[in-house]
Amino acid sequence: MDEYATLTYNGKEILLPVITGSEGEKAIDISSLRAETGFITLDPGYANTGSCLSAITFMDGEKGILRYRGIPVEQLAEHSSFKETVYLLINGRLPNRNELTRFSVMLNDNSLVHTDLKTFFQNYPRGAHPMGILSSMVNALRSFYPALDSHEEEINITMTRLLSKVRTMAAMSYKISRGHEIVFPRPDLTYCENFLNMMFDSPVKPYEIKRETVNALRGFWILHADHEQNCSTSAVRMVGSARVNLYAAISSGIAALWGPLHGGANQAVIEMLTAIQKDGGNCQKTVQRAKDRNDPFRLMGFGHRVYKTYDPRAKIMKKMCDNLLESMQIDDPLLNIARELEEIALRDQYFIDHNLYPNVDFYSGIVLRAIGIPTNMFTVMFALGRLPGWIAQWKESIDDPHWKIARPRQIYTGNLCYDYIPIHAR
Ligand code: SDX
């Protein structure tokens, strides 16, 4: 039975269709609003606005639910490989053994990058932030891999190239930033093993691939793989809606993720915890600052636009953190500070009233530190995890028969019309 919402204004009444999602979420379809009323809606930050219908990821912010293509993220984090989760997000179902093998071979065959890209990396200033490098290097990939005539082939090969080459480029960037020779991907290593080996293997000290670090990286990337219409995914969809190539759309997603309110928060959390440590471990002072409306400081790794309860990923990340540090016998003082900070905040009325809980970034940095990732690469690690989600969301948008360029409207609040004043009269 069709449902409608009634909008009444100035004695005029219009009916707007109500859309119901597969999990019962409801939306008012306002696509006819301006034509019927001359009105638009206004929703800064889009907190109340759906940009699309999507079958990829389901989140329930009140219940703390996250599912990729219907599978709870808890189960994927426990049982799946990152490669398998990538396949699930992009193709809509888990692969059978043959499909997974074929996917592995395609990723392996596309894991090298053009050697001329090295000069790009070598010419960045030493202190350049890896997210700025990654965003521009992903854009540069189009110059090395021009579009193919067949649309289908172009899409498939470009998705595979990005999934495999961006991981290689991230490790290359790290090696070159340290003045070390790059390490090539190996066909005998898994996706996660290869990344760690490309990052840390050295001619003078071969990297020992340990189960616990590979498992932690696998879990980290699965937890970051998609999150419906977050800021960076919306950037990929919006930029992609202009029909630009996928490399450019992904480059815009990397740029958006860099922000400290978004993916950059994982680096900001570690910087915050380190500052508390330097300040004698005074967590109370930090919590007070976060509550002070005159202080722009926010408790990094806390709060979320959608989750008004504990971020399900943060729960898993916290457990992963404990297991990894225990198995590696690491006693990271920042973990103790993070635990104390969480304990204080969760009991504080301000955080309770504002529904502020740890999000995915609160413990993730401590996992990355234990793996050996440098702090300025934490958001790159988030980007490598989110890449399949961006690609899946972009693919879903281009496959939509009603796909159109994204072009929001505005309400103008500037000057009324007035005539040009010649400079001698001003
Ligand atoms: C990610 O969208 C996604 O799905 C993102 C993500 C993904 O996987 O893609 O989950 C990844 O980006 C996680 C979030 C990482 N960012 C941080 O940890 C930065 C710290 N958190 C915030 O700045 C904030 O919580 C946001 C940006 C995450 C969400 O902000 P909103 O939804 O725009 O909420 P808001 O800024 O309007 O805040 C509402 C109130 C305000 O107080 P009042 O003025 O109403 O009294 O809550 C307060 C804020 O001051 N508040 C905080 C706070 N977050 C919100 N106060 C102190 N510390 C915080 N962290």
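The values are calculated or read from the model by the stated rules, or taken from the named source; none is laboratory data. It should be emphasised that the depicted structure is a prediction, and the values quoted were computed from it without experimental measurement. Neighbour counts run over all protein chains shown; Cβ positions are idealised from the backbone, glycine included.
Those residues that are out of contact with any Lys or Arg (no Cβ under 8 Å at 6 or more places or on another chain), surrounded by 13 or more Cβ atoms within 10 Å (Cβ to Cβ) and in contact (Cβ under 8 Å) with a residue 40 or more places away in the chain, I need them from the range 109-123; list them, please.
Within the range 109-123, the first condition is being out of contact with any Lys or Arg (no Cβ under 8 Å at 6 or more places or on another chain), and the residues that meet it are 109, 114-123.
Now drop any that are not surrounded by 13 or more Cβ atoms within 10 Å (Cβ to Cβ), which leaves 114, 117-118, 120-121.
The answer is 117, 118, 121.
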(request) Would you mind listing the helices (runs of 4 or more DSSP H) fully within the range 48-125 where at least 1 residues are over 19 Å from residue 386 (Cα atoms) and touching a Pro at 6+ places or on another chain (Cβ under 6 Å)? (result) 97-109
(message) Quick check on my filter: what residues within the range 300-327 are farther than 23 Å from residue 264 by Cβ and surrounded by fewer than 16 Cβ atoms within 10 Å (Cβ to Cβ)?
(response) 309, 319, 322, 323, 326, 327
(request) Taking residue 376 as the residue in question, decide whether it is more than 10 Å from the ligand (Cβ to nearest atom), in a helix (DSSP H, G or I) and surrounded by fewer than 24 Cβ atoms within 10 Å (Cβ to Cβ). (result) yes
(message) As an exercise: evaluate residue 36 against (1) within 28 Å of residue 156 (Cβ to Cβ); (2) loosely packed, with under 15 Cβ neighbours inside 10 Å and give the number of the one condition it does not meet.
(response) (1)
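Do you know which of the residues in the range 286-335 that are of a type in the set (Ser, Thr, Tyr) and assigned to a helix (DSSP H, G or I) is farthest from the ligand (Cβ to nearest atom)? So that I can check it myself, show each step before the final result.
Initially, the range 286-335 is screened for residues of a type in the set (Ser, Thr, Tyr), giving 286, 307, 309-310, 327.
Within this subset, residues satisfying the condition of being assigned to a helix (DSSP H, G or I) are 286, 327.
Working: 286: 10, 327: 26 Å.
Restricting to residues being of a type in the set (Ser, Thr, Tyr) and assigned to a helix (DSSP H, G or I), the top hit is 327.
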(request) Could you please let me know if residue 241 is assigned by TED's automatic domain parsing to the domain that holds residue 142, within 21 Å of the chain's Cα centre (by Cα) and within 15 Å of the ligand (Cβ to nearest atom)? (result) no
(message) Which condition from (1) surrounded by 17 or more Cβ atoms within 10 Å (Cβ to Cβ); (2) modelled with pLDDT of 95 or more is the one that residue 176 breaks?
(response) (2)
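Within 12 Å of the ligand (Cβ to nearest atom) and assigned to a helix (DSSP H, G or I): which single residue out of 251, 232 fits that description? If you could, list the steps in order and put the result at the bottom.
Working: 251 fails: within 12 Å of the ligand (Cβ to nearest atom).
The match here is 232.
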(request) Kindly establish whether residue 207 is surrounded by fewer than 20 Cβ atoms within 10 Å (Cβ to Cβ), assigned by TED's automatic domain parsing to the domain that holds residue 109 and either modelled with pLDDT under 95 or on the phi < 0 side of the Ramachandran plot (or both). (result) yes
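Being surrounded by fewer than 20 Cβ atoms within 10 Å (Cβ to Cβ) and either within 22 Å of residue 84 (Cα to Cα) or modelled with pLDDT under 95 (or both) is the requirement here; does residue 212 meet it?
Working: surrounded by fewer than 20 Cβ atoms within 10 Å (Cβ to Cβ): yes; either within 22 Å of residue 84 (Cα to Cα) or modelled with pLDDT under 95 (or both): yes.
So residue 212 fits the description; yes.
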(request) Evaluate the range 268-285: report whether one residue or more is surrounded by 17 or more Cβ atoms within 10 Å (Cβ to Cβ) and basic (Lys, Arg). (result) no
